[in-house]
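The values are calculated or read from the model by the stated rules, or taken from the named source; none is laboratory data. These figures come from a predicted structure and were not determined experimentally. Neighbour counts are summed over all protein chains in view; Cβ atoms, including those assigned to glycine, are modelled from backbone coordinates with ideal geometry. Areas reflect the complete protein model, heavy atoms only, side chains present, ligands, DNA and RNA absent. Shrake-Rupley method; radii C 1.70, N 1.55, O 1.52, S 1.80 Å.
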Amino acid sequence: MKLIVFTKKDCPNCPYAKKIAKDVAEELGLEFEEIDVEKDLITALQYNVASTPSIALDEDVLFRGEVPTKDILKEEIRKIMK
């Protein structure tokens, strides 16, 4: 499974979202990928991501335009992994 964070270079919350997502991916043994929506707009549109930061697990977008805590992100991931 892959945890994906959608970012944009001028997004003030994106660095924090990226750190949380990367840490959670490492803790749970998931692949991690960052997608810059300005460089890869097609992928962002495929996920219906219009705001950053957004976090997805495989094809499921878990958070749009918000930064969850590590615990909340882990909880949402575990719901899908069951």
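Summary of values
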quantity: Cβ charges +1 (Lys, Arg) and -1 (Asp, Glu), total dipole of the chain, debye; calculated: 140
quantity: Accessible surface, per residue, of the chain when the full set of protein chains is kept, probe 1.4 Å, Å²; calculated: 61
quantity: Charge sum, other residues only, whose C-beta stays under 11 Å from D58's C-beta, Lys/Arg counted +1 and Asp/Glu -1; calculated: -3
quantity: Calculated from backbone phi, Karplus (6.51, -1.76, 1.60) coupling profile of the stretch 72-82 in Hz, x at Gly/Pro; calculated: 5, 4, 4, 4, 5, 5, 4, 4, 6, 6, 5
quantity: GNM top mover of I55, I20, I72 - the chain, alpha-carbon springs below 10 Å; calculated: I72
quantity: Accessible surface of the chain, 1.4 Å probe, proportion on carbon and sulfur as whole %; calculated: 47
quantity: Candidate lysines - alpha carbon under 24 Å from K70, same-chain residues fewer than 8 apart omitted; calculated: K2, K8, K9, K18, K19, K22, K79, K82
quantity: Summed side-chain charge close to I72 - residues other than I72 whose Cβ falls under 12 Å, Lys, Arg +1, Asp, Glu -1; calculated: 0
quantity: Loop-located GluC sites (Glu not before Pro) in the stretch 9-82 whose Cβ has at most 10 other Cβ within 10 Å (DSSP); calculated: E59
quantity: Descending semi-axes in whole angstrom, ellipsoid equivalent of the chain, from the Cα gyration tensor; calculated: 19, 13, 11
